[in-house]
Amino acid sequence: MNGRWGVGRAIFGGETLEVPCTVDIERTADSFHAYAVPEGVFLRPGDQVIVHGTPGHVAFGERMTFETRATVLRAGPLTRFWTQWVAIFELTELYHCGFEPKEAIAWNA
């Protein structure tokens, strides 16, 4: 383990990788998205991706696709476990359904 983190880095974060990355940004009436796809690396829960060289602004009606570099910060075992554990509870929030009582709905007859 190199770097200044030592044992903490082994538990909370693993290795750092520099990889090529394809970026697709679109800001139109049909779609508003930004995708960054690191190439040659399989991302796992808790991994972080820092994309370098992206534009600060894309005007309305434009679509940009370009190649750049990205830094992948691998999650350590504890961070990966925590990310998977918390994701289960965040997923269950999607199951929550709320219903308004009849009195709250104003019907104009």
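Table: residues versus (1) at pLDDT below 90; (2) exposed (fewer than 12 other Cβ atoms within 10 Å of the Cβ); (3) under 18 Å from the mean Cα position of the chain (by Cα).
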| position | (1), (2), (3) |
| --- | --- |
| P20 | no, no, yes |
| V23 | no, no, yes |
| A29 | no, yes, no |
| I50 | no, no, yes |
| F66 | no, no, no |
Original post:
So which residues in region 24-75 are among the basic types (K, R) and more than 20 Å from G14 (Cβ to Cβ), if there are any at all?
Top reply: R27, R63
Subject >> Positions within region 32-69 being assigned to a loop (DSSP other than H, G, I, E, B), free of Cβ contacts under 8 Å to residues at least 24 places away in the same chain and among the small types (G, A, S), in sequence order >> reply: G40, G53, G56
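The values are calculated or read from the model by the stated rules, or taken from the named source; none is laboratory data. Worth saying up front: this structure is predicted, and the values here are computed from it rather than measured. Glycine also receives a Cβ, built like all others from the backbone with ideal geometry; neighbour counts cover every protein chain displayed.
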